[in-house]
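Any read-out appearing in this document is the output of simple, stated calculations on the displayed coordinates, not a laboratory observation. Computed from a predicted model, the values in this text were never measured in an experiment. Virtual Cβ from ideal backbone geometry, glycine too; neighbours counted across all protein chains shown.
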Amino acid sequence: MLLDFFPSRTMTLYIARMFAVRIVAVLVMLVLVLQMLDLLSESGHILAAKGNGQMELLRYVGLRTPQLISRFTPYSVLLATIITLMTLNQNSEVVAMKAAGLSAHQVLAPLFLVAAVTSAGTLAFNERVVVRSTAALKAWQDVGYGTTPPDSDIKANVWMQDGPNILYARTVTGRGTATEMSDVNWYRRDPTGMVTEIVHAPHARFAAPGWRFDQPASFDVQSTRRTALGGAHVYATGVDPAQVIVRKTDADGESLSMLTTSIGEIRAAGFRTSELDGKWWHKLSGPLSALLMPLLGAVAAFGLARSGKLFVRAVIGMALGFAYFVVDNAALAMGNFGGYTPLLAAWSPFLLFLLIGETVLIRTEE
């Protein structure tokens, strides 16, 4: 019986249903409160853009809500774990289950099952919904909540280094040799760093090497004279399309497959990718954090409720859960700085707290 983690179908469904309902309830509560606070802080910026009104506020809510759901699902699992286990403990249901011969792991098995389903659902939700809403929201914010082009792979306000000179594009679409820019400025600078000439074009495309400006106009800073050059001219020969990806790749706004492509292009261009590698791995380890929460909150399930220490146990479970998120963020930051390898930065907190949770559970209950 000890090797059977689901010895009772009735008990498994009872605990799993109780746990799932509490996860949804806590998540809805957190998202509603946080969305309201976030909208209060951003509504002024949204309405400041010309022509924006109630529909733009609803659009912001629609784009922001998936981010909040993804970010706070693990917290919801943690709080739901503690609430569920405290309820079972107070009603002496844990005592009854242990008296029937169930081990601590068997008591927690239905919670792990629901948490595993939640982790898988979060991963799929991130890949199908969150990355798209994040990319759309970022593009909208880059233009000051104004009008954005329909291209979903748009990158706004991109600055690139062309030796001593600077290339700026209001928007960039496409990838590789198909990259195109709109509202483009090329700034020629002298050895002291002062701008001597500004070349503007409404459109530019990659010319391999350089960028072909369509109908450019030159502005001489010293003489303040503007000259229409006409035709097509090539500028910024030192700028490669990979620079666009390096400067504007947002791991939160790209799916795993798209991020893999971006990392490959950046690496092929000779740029460092350890920060993006860490975020790639974290796209897998992040959703799995929900699987840890029943283990870290398990301390609230055991011990006599009438001993007066149930609240203390619940606080310890919350402390362990929130400590995981602190260590996870710290490890990811260390990976960005090069202190940890990307794989270690993404997975070491998960493995560390898995061992801590198992140690606490085995030493106290098994």
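Expressed in nm to one decimal, what extension gain is obtained for the pair Thr87 and Glu358 from 0.36 nm per residue of sequence separation less their Cα-Cα distance?
Using 0.36 nm per residue and subtracting the Cα-Cα distance, I get 95.4 nm.
Using per-residue counts of other Cβ atoms within 10 Å, averaged over each peptide, order 23-31, 82-90 from highest down.
Descending mean neighbour count gives 82-90, 23-31.
Return the ratio Rg/(2.2 N^0.38 Å) for segment 255-366, where Rg is computed over Cα atoms only.
1.36
Quickly work out the Arg272-to-Arg226 label distance, labels modelled 7 Å from Cα along the C-beta direction, and quote it in nm with one decimal.
Between Arg226 and Arg272, the label points sit 4.2 nm apart.
Glu180 to Ala116: extension gain in nm, 0.36 nm per residue of separation minus the Cα-Cα distance?
Computed gain between Glu180 and Ala116 is 18.8 nm.
Once Lys and Arg get +1 and Asp and Glu get -1 on their Cβ, which of Ala49, Ala242, Val117 lies farthest toward the positive end of the dipole of the chain?
Farthest along the dipole direction, towards plus: Val117.
Hey, rough spin-label estimate for Ala333 and Asn157, points 7 angstrom out along Cα→Cβ, what's it come to in nanometres?
The two pseudo-label positions are separated by 2.4 nm.
Can you work out ³J(HN,Hα) from phi for every residue in segment 130-138, in order, using Karplus 6.51 cos²θ - 1.76 cosθ + 1.60 and θ = phi - 60°, giving whole Hz and x for Gly and Pro?
Calculated HN-Hα couplings, in order: 5, 5, 6, 5, 5, 5, 5, 5, 5 Hz.
Would you mind pulling out the separation of the Cα centroids of segment 276-304 and segment 214-267, in Å?
41
How large is the convex hull of the Cα atoms of the chain per residue, expressed in Å³ as a whole number?
For the chain, the hull spanned by Cα atoms encloses 174 Å³ per residue.
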